[in-house]
Amino acid sequence: MHTATAPGYTLYGLHPRRGEEGIADLGVMDHREGVAVHDFWKPYYRFDGRHALCNAHLLRHLTDLYEVTGEAWVDKLQSLLAAMLDATNQARAADHSQVDPGRMASADRSSGIWPKTCYADSKPIGPKF
């Protein structure tokens, strides 16, 4: 089963193939406007256009990574993503079209998460990843 959603709509499609062929036969990915939000599954990236990673999937991967490595930056990144989600939900509840950029910058600065820091602090991980 394949699904595609947009505000107010959900498409469910049955296809015997799970991969690229099944996705293509639905006819959504080649004709979509906007961003395709999905997990890390490689077949999605075979379609042109903008892509974004689903934060629920990202958080699950970060949980797994933290359980394997115990690295503090992983926990900090999870906290930052949770704070950003909270800010987004509050902006939506207040009927704002975006989150206050100052609030996002503040959350980012207070998290202590910077790619250079994450890379420098990372330990090699074994074959589980």
Point to revise | Failed condition for TRP41, given (1) touching a residue at least 12 places away in the same chain (Cβ under 8 Å); (2) surrounded by 11 or more Cβ atoms within 10 Å (Cβ to Cβ); (3) in the same structural domain as ALA6 (by TED's automatic domain parsing) | key: (1)
Review point. In segment 1-52, which residue that is in contact with a strand residue (DSSP E or B) (Cβ under 6 Å, 6 or more places away or on another chain) and of a type in the set (Phe, Trp, Tyr) is modelled with the lowest pLDDT?
Key: TYR44
Review point. Are there any pairs, at least 6 apart or on different chains, whose C-beta atoms fall under 7 Å, with the first in segment 69-97 and touching a residue at least 12 places away in the same chain (Cβ under 8 Å) and the second charged (D, E, K, R), and if so, which?
Key: THR69/LYS123; GLU71/ASP121; GLU71/LYS123; TRP73/ASP121; LEU80/ASP108; ALA87/ARG103
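Could you tell me whether any residue of segment 13-32 is under 19 Å from the mean Cα position of the chain (by Cα) and closer than 30 Å to SER106 by Cα?
Within segment 13-32, the first condition is being under 19 Å from the mean Cα position of the chain (by Cα), and the residues that meet it are 29, 32.
Next, only the ones that are closer than 30 Å to SER106 by Cα stay: none.
The answer is no, given that none of the residues of segment 13-32 is under 19 Å from the mean Cα position of the chain (by Cα) and closer than 30 Å to SER106 by Cα.
The values are calculated or read from the model by the stated rules, or taken from the named source; none is laboratory data. These numbers come from a predicted model, not from an experiment. Cβ atoms come from the backbone with ideal geometry, glycine included; neighbour counts cover every protein chain shown.
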